[in-house]
Amino acid sequence: MSAPAADAAPGSGTAREPLRRVAVMGAGSWGTTFAKVLGDAAEASGTDLQVRVWGRSEAVVADLNQHRNTRYLDGIGLPSCISASTDPRKVLEGAQAVILAVPAQSLREQLSQWAADLPEDAVVVSLMKGLELGSDARMSEIISEVAGIPAERIAVVSGPNLALEIARCQPTASVVACSDEATAHWLALACTAPYFRPYTSTDVVGVEIGGIVKNVIALAVGICEGKGMGDNTKASVITRGLAETTRLASALGGDPQTMAGLAGLGDLVATCSSKLSRNHTAGTLLGQGLTVEQVGERTTQVAEGIKSAPAVHELAQKLGVDMPITAAVVAVLKGELPVDQLGPLLLARQLKSEGD
Ligand SMILES: NC(=O)C1=CN([C@@H]2O[C@H](COP(=O)(O)OP(=O)(O)OC[C@H]3O[C@@H](n4cnc5c(N)ncnc54)[C@H](O)[C@@H]3O)[C@@H](O)[C@H]2O)C=CC1
Ligand SMILES: O=C(CO)COP(=O)(O)O
């Protein structure tokens with residue numbers, strides 16, 4: 001295939017060669033789906049691309065080498081440019097972009113094992129939607145701290161992106177954010193597939209916060225649904241959830257406008273509406289009276305909101321940001337608030353203007 005010239009992106013920033021080799025670290029549902037998006041994007045643009053996936057499980061890796069991932073994406077065929085290994089070195093070798101797709105709470109430990117093998121100049125991309133417990137760090141901050149990657153080589157992808165729908169090639173939009181506009185454009189080009197449409201942003205903080213907090217709000221919506229409440233309740237929690245997400249993003253220097261977009265409202269609506277969402281499902285089970293432990297036993301995949309909620313709450317308190325829905329979810333998760341008290345607690349708050 002003919003190679004397109006190095007991409008001349010709009011705006012200032014780094015010009016990069018088209019993506020030829022990419023490492024995807026994490027073989028769960030989103031890592032695998034994003035590997036498929038990259039493979040399908042390359043095929044659609046006539047670009048030669050090698051997508052190498054790292055997985056912990058020999059069985060999943062063997063399956064991926066047969067161009068499928070039965071455990072996480074049953075029935076989905078994967079592009080032939082995807083190969084997989086349990087050896088991170090083999091996967092990382094020569095990669096121009098390293099896509100990180102492990103549970104948020106495991107990133108620090110995983111990345112410290114991989115840092116020495118990250119290729120020089122590789123763009124490191126977070127697909128994760130979680131905040132680290134203890135440090136309250138965003139994934140981009142962990143990437144910077146652990147691997148010493150400069151901000152212009154750290155990107156995040158976030159939006160209304162339920163993996164299974166994308167794996168089924170259902171039309172979806174997303175946001176690729178990087179402080180370096182040209183790098184965001186370069187990555188967006190590489191993941192533009194016939195069914196996947198990325199927009200670019202330089203608001204890394206806003207895009208990350210949108211993805212983190214929507215999981216907590218989806219728990220709250222699920223709890224209300226589990227208690228048998230209807231669509232007015234759901235819309236109220238979503239809307240006020242967006243307001244508190246926007247307050248947190250703004251306090252961290254993010255752009256409030258980002259919250260009106262795909263990584264804010266878009267993801268909130270998708271996650272709070274979908275039966276495919278692990279966070280929404282976990283919330284529903286809590287609302288039906290299961291304990292956090294029982295919910296954990298029922299779900300084999302990561303519901304990031306459960307671990308991130310206390311970190312979001314702590315971060316908000318440090319910054320003096322009012323996040324009543326998050327606070328109520330944390331109280332439920334800690335067993336301090338019965339699920340049937342979550343609604344009344346939120347309604348009992350002092351009256352105020354909607355814009356405050
Ligand atoms: N599944 C989805 O629809 C989407 C997920 N995300 C985010 O992507 C991230 C990954 O999610 P999924 O792929 O869906 O999760 P998953 O549960 O499907 O897969 C997680 C992967 O990480 C591995 N893993 C589990 N624990 C680990 C540990 N301690 N150390 C290293 N690896 C470990 C698993 O073996 C698996 O390969 C999460 O932050 C999630 O919020 C973002 C957008 C969509
Ligand atoms: O982030 C997601 C959709 O954008 C996936 O949501 P869950 O992690 O709740 O399944």
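Check whether at least one residue in segment 100-114 is within 16 Å of ligand 1 (Cβ to nearest atom), of a type outside the set (Ser, Thr, Tyr) and touching a strand residue (DSSP E or B) at 6+ places or on another chain (Cβ under 6 Å), and report yes or no. Steps first, answer last, please.
Here is the first cut: in segment 100-114, the ones within 16 Å of ligand 1 (Cβ to nearest atom) are 100-114.
Restricting the remaining residues to those that are of a type outside the set (Ser, Thr, Tyr) gives 100-105, 107-111, 113-114.
Checking the rest, the ones that are also touching a strand residue (DSSP E or B) at 6+ places or on another chain (Cβ under 6 Å) come to 100.
Yes, segment 100-114 contains at least one residue that is within 16 Å of ligand 1 (Cβ to nearest atom), of a type outside the set (Ser, Thr, Tyr) and touching a strand residue (DSSP E or B) at 6+ places or on another chain (Cβ under 6 Å).
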### Message
Can you report the number of residues in segment 119-133 which are in a loop (DSSP other than H, G, I, E, B) and within 16 Å of ligand 1 (Cβ to nearest atom)?
### Response
6
### Task
Could you tell me whether segment 160-177 includes any residue that is outside the structural domain of ALA263 (by TED's automatic domain parsing) and more than 15 Å from ligand 1 (Cβ to nearest atom)?
yes
### Task
Any residue in segment 108-126 that's buried (at least 20 other Cβ atoms within 10 Å of the Cβ) and modelled with pLDDT of 95 or more: show its pairings with residues that are outside any helix (DSSP H, G or I) and of a type in the set (S, T, N, Q) at Cβ separation under 8 Å, as long as the two are six or more apart or on different chains.
VAL123/GLN96
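Just to be sure, is GLY264 more than 10 Å from ligand 2 (Cβ to nearest atom), under 18 Å from VAL157 (Cα atoms), at pLDDT 95 or above and not polar (S, T, N, Q)? Let's see the steps before the verdict.
Working: more than 10 Å from ligand 2 (Cβ to nearest atom): yes; under 18 Å from VAL157 (Cα atoms): yes; at pLDDT 95 or above: yes; not polar (S, T, N, Q): yes.
Criteria met by GLY264.
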### Failed item, numbered, when LYS227 is tested on (1) within 14 Å of ligand 2 (Cβ to nearest atom); (2) touching a residue at least 60 places away in the same chain (Cβ under 8 Å)
(1)
#### Entry: Residue check, VAL216 closer than 21 Å to GLN105 by Cβ, within 12 Å of ligand 2 (Cβ to nearest atom), assigned to a helix (DSSP H, G or I) and in contact (Cβ under 8 Å) with a residue 24 or more places away in the chain
yes
### Message
Just to verify a result, which residue in segment 320-353, among those that are of a type in the set (Val, Ile, Thr) and outside any loop (DSSP other than H, G, I, E, B), is farthest from the chain's Cα centre (by Cα)?
### Response
VAL339
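Can you tell me which of SER174, SER179 is buried (at least 23 other Cβ atoms within 10 Å of the Cβ), in contact with a helix residue (DSSP H, G or I) (Cβ under 9 Å, 6 or more places away or on another chain), of a type in the set (S, T, N, Q) and at negative phi? Break it down stepwise before answering.
Details: SER179 fails: buried (at least 23 other Cβ atoms within 10 Å of the Cβ).
Just a single option satisfies the conditions, and that option is SER174.
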### Task
Would you check which residues across segment 167-223 are closer than 26 Å to ARG278 by Cβ and either touching a Pro at 6+ places or on another chain (Cβ under 6 Å) or modelled with pLDDT under 95 (or both) and list them?
SER174, VAL176, CYS191, TYR195
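This table checks each residue for (1) outside the structural domain of LEU219 (by TED's automatic domain parsing); (2) within 22 Å of SER135 (Cα to Cα); (3) in contact with a Gly (Cβ under 9 Å, 6 or more places away or on another chain); (4) touching a residue at least 40 places away in the same chain (Cβ under 8 Å).
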position	(1), (2), (3), (4)
ALA249	no, yes, yes, yes
ILE306	no, yes, yes, yes
GLY320	no, yes, no, yes
GLU336	no, no, no, no
## Note on the structure
For LEU189, the lone unmet condition from (1) within 16 Å of ligand 1 (Cβ to nearest atom); (2) surrounded by fewer than 24 Cβ atoms within 10 Å (Cβ to Cβ); (3) over 21 Å from THR271 (Cβ atoms); (4) of a type in the set (A, V, I, L, M) is (1)
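State whether the residues of segment 49-57 include one that is β-branched (Val, Ile, Thr), in contact with a Leu (Cβ under 6 Å, 6 or more places away or on another chain) and more than 11 Å from ligand 1 (Cβ to nearest atom). Spell out how you get there, then give the answer.
The first filter runs over segment 49-57 and keeps only residues β-branched (Val, Ile, Thr), leaving 51, 53.
Remaining after also requiring in contact with a Leu (Cβ under 6 Å, 6 or more places away or on another chain): 51, 53.
Now restrict to residues that are more than 11 Å from ligand 1 (Cβ to nearest atom): 51.
Yes, segment 49-57 contains at least one residue that is β-branched (Val, Ile, Thr), in contact with a Leu (Cβ under 6 Å, 6 or more places away or on another chain) and more than 11 Å from ligand 1 (Cβ to nearest atom).
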### Query
Looking at THR14, is it out of contact with any Lys or Arg (no Cβ under 6 Å at 6 or more places or on another chain), in a loop (DSSP other than H, G, I, E, B) and in contact (Cβ under 8 Å) with a residue 40 or more places away in the chain?
yes
### Query
Can you list the helices (runs of 4 or more DSSP H) found entirely within segment 267-319 that contain at least 3 residues being within 13 Å of ligand 1 (Cβ to nearest atom) and within 27 Å of THR172 (Cα to Cα)?
267-273, 278-287, 304-319
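The values are calculated or read from the model by the stated rules, or taken from the named source; none is laboratory data. Values in this document were obtained by computation on a predicted structure and should not be read as measured data. Every residue, glycine among them, receives a Cβ derived from its backbone with ideal geometry; neighbour counts consider all protein chains shown.
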